[in-house]
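No lab work stands behind these numbers, since they all come straight from the coordinates. Note that this is a predicted model, so its numbers are computed, not measured. Note: ideal-geometry Cβ built from the backbone for every residue, glycine included; neighbour counts use all protein chains shown.
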Amino acid sequence: MTGGGACAVCKHQRRKCEPNCELAAYFPANRMDDFRALHLVFGVANLTKLIKANATEAARRRAAETLTWEARWRERDPSEGCYREIAGLRRENAVLRAENAALRRQAFSAFAGARVSNLLPAGNLVYNNGNVAGRGANPNGATMLTGHNDRSLPLSGG
Ligand SMILES: [Zn+2]
């Protein structure tokens with residue numbers, strides 16, 4: 001490393017940081033606090049194993065970050081660790097999903113009520129407004145569908 005500075009792991013282990021140091025890329029010298037927390041929770045051997053278990057550099061970097069997140073939570077909350085945070089996020093997610101579903105139902109019924117004619121294929125709609133009677137018209141005066149294009153009438157016709 002430049003300036004003879006060891007990475008956080010080697011500094012903590014009081015060893016020389018060799019150019020091929022496996023953890024230097026993830027835990028530079030300015031991450032001593034992160035590494036201290038990681039060391040307490042996982043130990044160096046497990047940490048190295050957990051990071052190296054990932055095939056790509058991007059996944060290793062991500063593992064280093066998520067393991068740090070876990071270790072920092074354990075430091076803050078020794079009994080629950082990151083569980084409290086995850087449980088909270090799950091609850092929040094459930095509330096937001098329910099809200100989303102309710103809003104979708106609301107939006108759909110508003111949309112369906114106002115624009116039902118526009119949702120249907122133009123050629124197949126027969127609208128019985130009392131002025132138009134024809135084969136396939138609903139005797140109750142309700143909007144209905146037929147399969148016959150020749151029976152279609154424009155909704156806004158003069
Ligand atoms: Zn190192």
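Peptides 90-98, 29-37 ranked from most to least packed by the mean count of surrounding Cβ atoms within 10 Å: 29-37, 90-98. Please work out the FRET efficiency for the pair residue 21 and residue 56, using the Cβ-Cβ distance as r and a Förster radius of 25 Å; give the result to the nearest 0.05. Result of the calculation: an efficiency of 0.85.
Reducing the range 64-79 and the range 1-46 to their Cα centroids gives an inter-centroid distance of 17 Å. Rounded to whole Å, the principal axis extents of the Cα atoms in the range 1-114 read 73, 32, 25, largest first. Local charge for residue 52 was computed over the other residues whose Cβ lies under 12 Å away, with Lys and Arg +1 and Asp and Glu -1, and equals 0.
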